[in-house]
Amino acid sequence: MLDPRAAREATRAVPGIPRDEDGPVFREPWEAQAFAMALALHGKGLFTWSEWAATLADQIKRAQAAGDPDTGETYYRHWLATLERLVAAKGVASSETLHRYRDAWDRACDRTPHGAPIELKPEDFAG
């Protein structure tokens, strides 16, 4: 569950967050989860919102240079990539660890029937 106060603070501090009059809006559950992770890490003092905004802007600029049409559908993909960059830059987890877990989640997702909870197992990390 999102802390409404923290969500309002983030939407004021970070330009471009998709929102309506009630606050941030999400097309998919994972987008809300990525948003909530950023709120939690900011709340723990991992980064400032100005640091976040600068890193996110750089991430979007890189994606546009690589051909992202910037139509809005990829905004939270950039948000997630920014999370990964800052977590690695701050030494919370290495890029290798992040990739290892992302690959494990992909494998777990591939074997999970639609609608069932995704559960990580040791073999998901075997690669």
Determine, yes or no, whether P117 is outside any helix (DSSP H, G or I), out of contact with any helix residue (DSSP H, G or I) (no Cβ under 7 Å at 6 or more places or on another chain) and under 27 Å from P15 (Cβ atoms). no
Select, from G43, G91, G72, the only residue that is closer than 17 Å to A13 by Cα, of a type outside the set (V, I, T), out of contact with any Cys (no Cβ under 6 Å at 6 or more places or on another chain) and loosely packed, with under 13 Cβ neighbours inside 10 Å. G43
Does any residue of the stretch 60-83 turn out to be of a type in the set (D, E), on the phi < 0 side of the Ramachandran plot and part of a helix (DSSP H, G or I)? no
Unique match (being free of Cβ contacts under 8 Å to residues at least 60 places away in the same chain, in contact with a strand residue (DSSP E or B) (Cβ under 9 Å, 6 or more places away or on another chain) and not assigned by TED's automatic domain parsing to the domain that holds P117) among P69, P18: P18
Count of residues meeting criterion [aliphatic (A, V, I, L, M), surrounded by 10 or more Cβ atoms within 10 Å (Cβ to Cβ) and under 17 Å from P29 (Cβ atoms)] in the stretch 103-126: 2
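The values are calculated or read from the model by the stated rules, or taken from the named source; none is laboratory data. Only a predicted model underlies this, so the values are computations on that prediction, with no experimental measurement involved. Cβ atoms come from the backbone with ideal geometry, glycine included; neighbour counts cover every protein chain shown.
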